[in-house]
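Accompanying notes for the structure given below.
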Ligand SMILES: [Zn+2]
């Protein structure tokens, strides 16, 4: 049970954090006007959808059943938010949708597109806002064929453009990360409560005075962050891409080359970015059809900035296929990876396979694989899978180190990452966690905004060390931990199979 003092400390801290956020972030979800006629952007810009305010459902989403939904609003930059002056800050619009297709227009110009999997973004609306400035935003959303559509979130975020001052919302997130880590040492929470009580709210009308007060508070609790900096979150860029699912195979090839080209471009600008990708079948297609891209990928692999988490020819189904098929997946996959990239892959990267036969450790070990990685075992609403890192032994006695990766298709959301890393540490006692930033399920990979957010948080004293690494390096020390549990064998089903589903 949480001690009473911790609860009251946490309440005070959370209240102050919410107030700080309200000084530089504003929810605009209730301000959209909507229409369901599929008109052009010119008509939307000219006539708007002024008569119909979009209704929010009980989750705060704007939902519609089928077809197209236009959402329009004009953002007028206020002088201040809760008394905090905004002039000169940059403005981003954070959006999350559930839609087959999403087009974002700013002042009538299409500036970004997304889909069901590329479903979250932070659009730069202005690099330096002026009070009274008007920005019109229009969203054209198309509902998924199999489901209702929804605009899940729309949030205006005003950010500082200088390192000298940090906007209140950023410091709020830093304090929230610290609050989360103090969950390991709740006796230190009162120090944070006492520091937060020193925020000079009366200074709000004088922005720089208020910001100085926040920096003062920030530095007064930095002595609490030493233990956070002893921890590390390893980043590996990722872009899950099913070879065949809701699209044709020709689209898979197209998405693959666009994803790989996007990663290579970003690596020019962000040289620390390390990206991993599975599926030798995709590399073979790229080799044949885009030799220029293939050579560039080979160079990045040789430079240690691109990791082939291959092992198997594709990321296969592993409940139904025969042992012969699994052997050939491994044989063709490892043979290709060794021939083209110099050595076999020690990682079986299967984040999205819907279950695993009990004999896999035997197959993996015989194919030179040392690590099995998935996250799919979380997909169980009845039996919660209890382990994060564990030894998995097949009936013949072969044993492989196994690792539950974080979720795939995620961005760089510091609070989500800190929460995940704390939960991981609670579960496994490991102070190093992995995070896989990158749009996925339909390719995509890391975005520029993710990398910019990562760079900003890398400098924060309130966040664990944040380093790009490879899946292999970030997991290679774990098997040395002697106390990892051994996964019990599953019962034999009436049909004679032994699967983990
Ligand atoms: Zn998938």
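The values are calculated or read from the model by the stated rules, or taken from the named source; none is laboratory data. Just so it is clear, the structure is predicted and the values come from calculations on it, not from any experiment. No Cβ is skipped: glycine too gets one built from the backbone with ideal geometry, and neighbour counts run over all protein chains shown.
Output yes when any residue across the range 304-312 is without any contact (Cβ under 8 Å) to a residue 24 or more places away in the chain, away from the ligand (no atom under 16 Å from the Cβ) and either loosely packed, with under 14 Cβ neighbours inside 10 Å or under 25 Å from the mean Cα position of the chain (by Cα) (or both), and no when none is. No, the conditions are met nowhere in the range 304-312. Candidates in the range 454-491 are the residues that are in contact with a helix residue (DSSP H, G or I) (Cβ under 7 Å, 6 or more places away or on another chain) and part of a loop (DSSP other than H, G, I, E, B); of these, the one that is surrounded by the fewest Cβ atoms within 10 Å (Cβ to Cβ) is 461. Pairing each residue of the range 242-253 that is closer than 18 Å to residue 408 by Cβ and at pLDDT 85 or above with any residue that is in a loop (DSSP other than H, G, I, E, B) and within 12 Å of the ligand (Cβ to nearest atom), provided the two are 6+ apart or on different chains, yields C-beta distances under 6 Å for 243/314; 252/243. Taken as a whole, the structure places residue 451 among residues that are within 16 Å of the chain's Cα centre (by Cα) and either part of a loop (DSSP other than H, G, I, E, B) or buried (at least 19 other Cβ atoms within 10 Å of the Cβ) (or both).
Which residues, taken from the range 87-100, are over 17 Å from residue 123 (Cβ atoms) and either within 27 Å of the chain's Cα centre (by Cα) or surrounded by 20 or more Cβ atoms within 10 Å (Cβ to Cβ) (or both)? If the condition is that a residue be over 17 Å from residue 123 (Cβ atoms) and either within 27 Å of the chain's Cα centre (by Cα) or surrounded by 20 or more Cβ atoms within 10 Å (Cβ to Cβ) (or both), then 98, 100 are the ones that fit. In the set (1) in contact with a strand residue (DSSP E or B) (Cβ under 9 Å, 6 or more places away or on another chain); (2) surrounded by fewer than 16 Cβ atoms within 10 Å (Cβ to Cβ); (3) at pLDDT 95 or above, the condition left unmet by residue 337 is number (2).
Of note, residue 220 satisfies the criterion of being within 14 Å of residue 171 (Cβ to Cβ) and more than 16 Å from the ligand (Cβ to nearest atom). Of the residues making up the range 237-255, those that are more than 14 Å from the ligand (Cβ to nearest atom) and either in a helix (DSSP H, G or I) or surrounded by 13 or more Cβ atoms within 10 Å (Cβ to Cβ) (or both) are 237, 249, 250, 251, 253, 254.
The requirement of being within 13 Å of the ligand (Cβ to nearest atom) and crowded, with 18+ Cβ neighbours inside 10 Å is not satisfied by residue 273.
Restricting attention to the range 314-343, which residues are closer than 18 Å to residue 260 by Cα and within 16 Å of the ligand (Cβ to nearest atom)?
Hits for the range 314-343 are 314, 315.
If you filter the range 63-117 down to residues that are out of contact with any strand residue (DSSP E or B) (no Cβ under 7 Å at 6 or more places or on another chain) and in a strand (DSSP E or B), you find that the one that is farthest from residue 163 (Cα to Cα) is 109. Once the range 351-374 is narrowed to residues that are without any contact (Cβ under 8 Å) to a residue 60 or more places away in the chain and within 16 Å of the ligand (Cβ to nearest atom), the residue that is nearest to the chain's Cα centre (by Cα) is 374.
For the range 407-445, filtering for residues that are touching a residue at least 40 places away in the same chain (Cβ under 8 Å), assigned to a loop (DSSP other than H, G, I, E, B) and within 16 Å of the ligand (Cβ to nearest atom) leaves 7. Quick check, is residue 200 modelled with pLDDT of 95 or more, crowded, with 16+ Cβ neighbours inside 10 Å and not assigned by TED's automatic domain parsing to the domain that holds residue 91? Judged against the criteria, residue 200 is not a match.
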